[in-house]
Each structure stands twice: as structure tokens, then as C-alpha cells.
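The values are calculated or read from the model by the stated rules, or taken from the named source; none is laboratory data. In this text the structure is predicted, and so the values were computed from the model without any measurement. Don't worry about glycine lacking a Cβ; one is built from the backbone with ideal geometry, like all the others, and counts go over all protein chains shown.
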Amino acid sequence: MKKMTDADLKRLLKRGVSEIINEEELIKMLRSGRPLRLKQGFDPSFTDIHMGHVVGLRKLRQFQELGHQVVLIVGDWTARIGDPSGRSATRPMLTAEEVKSNAQTYMEQFFRIVDKDKTEVRWQTAWFDKGVFGLEDIIRLTSKFTVAQFLAREDFARRYAAQHPIAITELLYPLMQGYDSVVVEADVEFGGTDQVFNCMVGRELQEMMGQKPQQVFLMPLLIGTDGVQKMSKSLGNYIGVTDPPNDMYGKAMRINDEMITPYLELLTDVADDEIMHFSARMAEGKINPMEVKKRLAHELVTGFHSKKAADEAAEHFQRVIQEKEAPEEIPALKVKVGLCASLSVELTRAGMAKSRSEARRLIEQGAVEINGKAVKEDISIEKVDGGSIIKVGKRRFLKVVRENSKL
């Protein structure tokens, strides 16, 4: 264990932290010199991790650097139910195959941030699968809480008042997450501020079962690039940890000015004093927020790719976005002469859209340009001359190359 200084303690407990339950007890545990078991659970409901997840993972890494142990709970059971936190409707259950496939991608990206050698990975199926956790155990677990306790929870109360359905499985979710803490004997559980109810259930269950109750470490929810809702893949307002450098840089440059300081604080290692300096100068109008945003974007790309990639992304943004020039190297969109297909089909085939419906939506919104002019209808690709430059959104380009058909 590394000896913890006052500076270490301030960095751990103050920067980018919303609430700690109970902070005084946690400080005593940290000063004891005993390696703590830090529980972090994730439900592999989607395939990728974004910067919203990174907020908590960076804090876990800081604890690891002081010698503490991360216990990663892969919620391969709770993911099938779906976390009701902050939701206004029941989420469809995922299959075991979908969850396992998603988990593999999550794990690869998780260890880009957290030290794999200092992480203990536990899958929920080890204690919730058939033959291990039976009906008797479920009944015993549910007997420890009342329906009234759960309906007092904010999101359940809101849905109940609006007469929106609440599935029984959703009431089981906090119990299952809480039981994870009992199984792994967690000292501290990490989560976003929307996880306070679930984390407190774990704390209460541990005490009921004779364990020392875990401390709860709550991190702020990162607002997405839209500046309105929390970052989410389903809302499209995210910056992914595996985004290519140009995309990552460009997305960071799209955030609102008031989000610059929180992003610097939660996602980078820029010193507190420097962040305060930036914030004060922006408030006084002595520095253009665009310049600070460029620093943020450069820090993100450097952290997830390299300094070289960040320098190139910055140059690309300056030339292509700010000066509105096309990049020097543009991917070719090879089109067979005589084989008529719509623009939406070709954009989907080139990976510029996930589906034809998305491609058509981009076209209708004016987000697709051909030689600098917006296209408002899904035209035939036959109407597009060879050598034409197709621009999709602000940063993606294709050059039409015509080839003779062999048919």
C-alpha cells in the first residue's frame, strides 16, 4: 500500500465527487492502511463505453494507484432485467447471448482505463444461476424490504403516480445489486448519483447479514454533448472511448461552453488551479472558450489515443471544420456504372449511416452535401458525377469513383 498524503485524500474525495456516504468512515478506512475492496458493477446492456462511464472509472484508477482492489461485477443477470434508475418505462429484457456479447466489448474497453492486474472480475451468474440461488433465497431476500420502501424511490413514485407500469422484475433489481455487495464483501460501492437507492440497499443488506456496511461513493452524471440530458448512446449525445481521433476531437468541440469546466474536471488530469484559471478567464471574457475547448479535446484524444493523434485531430479540425476545407485523403465511394442505387443505400454501404432510414433522415435534415450543396431528397447515385465530394455531417467525406460494371 502506498502511504496516502493529504493531497491524495483531497484528490480522491473532493475532485469530481458528488457525495460520499459516510465520508468520515471512509476516511478512517483509507487511513488504516488496509487495501479496500471497491465494488463497481456494470450492466452490459449496450456494446460500448462512453465518457459518462469514464467519470467513475477514472476515480477507481486513482484508488488503484494507492493500492486498493477493484471488484468488477459483470451484471449478466441484472442486465437482463434492466436498471430502472431514472427510467420512465419498463425496458425489454435482454437474452443471455446478447448480454454475453456486449460484456466482451465492455471488458476490453473497461481495461483501457482501469488496471486489469488490480481488478477482480466477478460474474453474477456465479451466484444467481440455477442451482445456486433458488426460490427460497429470493423469498428470503424480498422479505427484508417493503413495497412502500421501494415505491418511495423517486423514479418508481413518479411512474406509479402517472399510472405507468412497473414490472415486478424491476423491484428485484435493487435487491440483486445489493446482494452483489454481500457476496463480494464490498468496502465501498461506486456509482452515479442515480444509483444512490441501489447502493443504499446493498449497504442495508450487508448490515442485516452481519457484515460491515459498505461506504457509498457517488459520482456526478456527465451531461451529453447536447447540453441537456445525461450522456447516453441511445440519445446519440455521447463521446465513445473508441471513437476515432477526429470524431472524438470534433464531438468535444461541440459541447456547450458551460460544460467545458466540468468536462476538464471529470475527464482529464489538468490541474485544479489551471482549471480554475481557465474558468475565471472565460467568465471575465478574457479568453475565448473555443481555445479552452481545444485544450479539452486535445487532452481527451491524447488520453485515449496518443499526443500525435491529438495533434493531427486538432489540425484536421482547424482545416476541415473551421476553414471548411475537405481533407487531403478522402475515402472512395466506388459506384458501378449502370447499377442504379439510391444515395441512402450507398451511404449505408459506406458506413456513413447505420441503416437506410438513418441515411434518409440525414438527407432530409440537410446533413448531406454534394460538392458543397445540401441534398434534400434521396436521389439516385447515377445522378452524382464521378469525382464529386459527398460530405456527411461536419467531418465525414466520400469521393465518388465510378467503375465499370462486370455484369
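Conditions (1) in a loop (DSSP other than H, G, I, E, B); (2) under 30 Å from Gln177 (Cβ atoms); (3) of a type outside the set (Ser, Thr, Tyr), marked per residue:
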site	(1), (2), (3)
Glu189	no, yes, yes
Glu204	no, yes, yes
Glu207	no, yes, yes
Lys212	yes, yes, yes
Thr225	yes, yes, no
Gly250	no, no, yes
Ile260	no, no, yes
Met290	no, no, yes
Lys293	no, no, yes
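Here are some residues: Leu60, Leu36, Leu94. Which one is modelled with pLDDT under 85 and either more than 21 Å from Gly224 (Cα to Cα) or touching a Gly at 6+ places or on another chain (Cβ under 6 Å) (or both)?
Leu94 is the lone residue from the list that is modelled with pLDDT under 85 and either more than 21 Å from Gly224 (Cα to Cα) or touching a Gly at 6+ places or on another chain (Cβ under 6 Å) (or both).
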Original post:
Would region 248-268 turn up any residue that is closer than 25 Å to Arg11 by Cα and polar (S, T, N, Q)?
Top reply: yes
**OP:** Select from region 361-407 the residues that are out of contact with any helix residue (DSSP H, G or I) (no Cβ under 9 Å at 6 or more places or on another chain), part of a strand (DSSP E or B) and closer than 16 Å to Ala350 by Cβ and list them in ascending order.
**Re:** Glu369, Ile389, Lys391, Lys399, Val401, Arg402, Glu403
Original post:
Do we have any residue at all in region 56-71 that's free of Cβ contacts under 8 Å to residues at least 24 places away in the same chain and within 30 Å of Lys251 (Cα to Cα)?
Top reply: no
Original post:
Going by the conditions given, is Asp243 within 14 Å of the chain's Cα centre (by Cα), acidic (Asp, Glu) and either surrounded by 15 or more Cβ atoms within 10 Å (Cβ to Cβ) or in a helix (DSSP H, G or I) (or both)?
Top reply: yes
Original post:
In the set Asp257, Asp226, Asp269, which member is of a type in the set (Asp, Glu), under 19 Å from Asp48 (Cβ atoms) and either free of Cβ contacts under 8 Å to residues at least 40 places away in the same chain or in contact with a Pro (Cβ under 9 Å, 6 or more places away or on another chain) (or both)?
Top reply: Asp226
Original post:
How many residues does region 9-41 contain that are over 23 Å from Gly178 (Cβ atoms) and assigned to a strand (DSSP E or B)?
Top reply: 0
